[in-house]
Each structure stands twice: as structure tokens, then as C-alpha cells.
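What follows is a set of notes on a single structure, which appears directly below.
The values are calculated or read from the model by the stated rules, or taken from the named source; none is laboratory data. This is a predicted model, so every value here is computed, not measured. Cβ: placed from backbone, ideal geometry, glycine included. Neighbour counts: every protein chain shown. Each accessible area value is taken on the protein alone, full model and side chains, heavy atoms only, with ligands, DNA and RNA left out. Shrake-Rupley method; radii C 1.70, N 1.55, O 1.52, S 1.80 Å.
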Amino acid sequence: MKHASSGRPVLPAAVVRGTLAAMTILAAVAGGCVSTQTVSRRTLTPAPSTETALDRMLKPDHGLLLRKWVVSDDPERIGTILRRYQDGTFLEPALEQRFRRDGLRVLRVRVDRIEDLLGELGPGPSDVAAWHSQILQWRELYHRSVVGPGTTLAVSGRVRSIPSGRLRIMGRCWTILMEDGPYLSLQLIPQLIRPQPPSLYQLLGDPDLKGEVFHGLAIEVELHPGYAYVLTGEAPAISWGGTSESQPGHLASAAHGPAAGPDTATPDTLGEFLFCSRTVPPLRTLLVFLPRIPDRLLQPYRIEGAASEGQPVAAAR
């Protein structure tokens, strides 16, 4: 190995050339790795919608519309009119008989005949509509106050004293999708609630039913689009065929059979107290339950051209 004048060792030219070649190769390889590296970018998929099937079902465009009619009372005339507009039966016979015994009548009417029905019943003091949509917790839909010392009513076949308070009809409802189409499930139950001092449960909106609940008159029905459902009161003795099976306010009735002794005036039933006002002139209250189900829920079940707006829907499944 030769040394330069400076005294430093001088590398052979071949070694220098080899070292430079190796460094060039390494630089090229390193540069190639950088230039061909693929940076993977993760595509962010849209977050799944937080709207669940339940959310879609609970939109405020469908649910319960409740109308309250107050008309002049005439038992035979009102019964005859309602029977003429009735569209079939939908309650089980045992439940219908139990309702009749307690002075309650329920019937189904085609929704396109509702205004005609109201017109035949005649002008009354009020026709009030309230939109309830979905009712997931018990809510008061109608009430009548029991004032003074209370009153005496026939409830579930027994005559009993009802203390002062608020006799009301509580309800819940929600839309249900089934294979043959959507409907509104409605639950109703009468309840007596007495005045009580404010409590924590009342402030927190306790959803449970308080007070006395009349479980024997609880009802759960399917409300189908295209129909309206009418709830009112009537004496058990009154037949809606246009004749009375016995005189109103007497013991003999279709629900109890003929009396063994002389006719004796009996107290009003729970349904009569709720819906029949003994004023001058007398008044009758009718609750009309109207299910509102939008076309977006009906469309998959509708047979094209088979049903028009406001008519019962023909199922396609």
C-alpha cells in the first residue's frame, strides 16, 4: 500500500470503486423502497344510523287521533243510528257482554262515514280533536269528576259507593307491523284516582297506574286503518236495535235477565256515569278513536288499485 506525502494511507482504486458501487446500490435500493411504498388510507365508512326500527315506528306522523263528541242524548235514537253505521263486530262476545253489563258500548265504523254519523247524531255543544301520536306510558284520555261525598254506581255486577275523586279512562297505544299490515294497538282501562297531597312519584311522573284500577273493564284492541272506533255509555237494558228490552234505570236487563220481584230503580253503571250526563237537556259523550298510519307504512301491503284513500287496506302479503 502506497502512502501519500501527507503520510495518510491511500486505498487502492479497485477498493474505492467497489465501495462507491456498493453505496450507490444501497442508495438506489433505499430510494426504490421509498418511491414504491404504498400508504394505505383507511376509508372511513359512514357511521351507522342511530335510528332504529323502533325510532322509525315512533315517528310522530302516525298514532292515535281522539275525537270527543258531545251530543243531545236520546237513548233509542242514538242507539239506532250507531247500530246502522256499525261495521261488523270485533270484540269477543264475552268481553262485549261484560262491557254492556257495566254500561259501555264499543263499535267500529268505516272512517269515510264518520262525518255522516256525526251529522245524523245532530249538532252538539262540542266536537274536540286531540292528537296523541304514540302513547308509551299510561295517559288520561277522558275523565269525569266525582264530586261531593261521592256517588253510588253499579260496577262489575255489584252496587258500590264511589268516593269523590276523578273517574277516568287511561290509555296506551303504539303502531305494530305484522305480516298482513300495520295496525295500532290500543289499551284502555278505567281508573279512580282520589285527591292526594303532592308526592315525589307525581313530580317524577311515575308511569304506573295509581288509585283504584277496574281490571275487569280493561281492553286491548287492534285499530286498523280505514276504520274509526266509537266508545260511549248506555244502560244495559237498552238494545241498539231500536227497542229497549226493559225500561232504562230498572233492574231487569239483557245482562241480568228478568227481575224476580217488582222493578226497582238501580244506580247508574260506570259507563253511564262516564258518558251520560243527567243535565237538562241530557247530553251524551262519545269517544272516537282514529288510527293514523302513513302511506309509507301501508305501501308494502297495498294492492294497487284495490283501496282508495281512507278505505280499509287490502293486504298484499
Handout entry: Neighbour net charge for residue 281 - beta-carbon separation under 14 angstrom, K R +1, D E -1
Key = +1
Completion exercise
Cα-only Rg/Rh for region 83-189 with Kirkwood Rh rounds to 0.99
Handout entry: Counted charge near residue 156, where neighbours are those whose Cβ lies closer than 13 Å (Asp, Glu -1; Lys, Arg +1)
Key = +3
Exercise for the section: For 231, 283, write out the residues from largest to smallest accessible area, computed with a 1.4 angstrom probe and no ligands counted. Expected result: 283, 231
Completion exercise
Subtracting the Cα-Cα distance of residue 137 and residue 279 from 0.36 nm times their residue separation yields 47.7 nm
Problem - Rounded accessible area of residue 116 (nearest 10 Å², 1.4 Å probe) - result: 90
Fill in the blank from the handout: Once both label points are put 7 Å beyond Cα along the C-beta direction, the residue 113-residue 160 separation in nm becomes 3.7
Handout entry: region 68-122: GluC sites (Glu not before Pro) in DSSP loop, at most 10 other beta carbons within 10 Å
Key = none
Exercise for the section: Provide the gained length on full extension for the span residue 90 to residue 187, in nm with one decimal, where the gain is 0.36 nm per separating residue minus the Cα-Cα distance. Expected result: 33.4 nm
Handout entry: Label zone at residue 196 (point 7 Å along Cα-to-Cβ), backbone N below 17 Å, region 141-177
Key = 163-170
Handout entry: Net +/- balance of residues flanking residue 107 in space, Cβ distance below 13 Å, scoring K and R +1, D and E -1
Key = +4
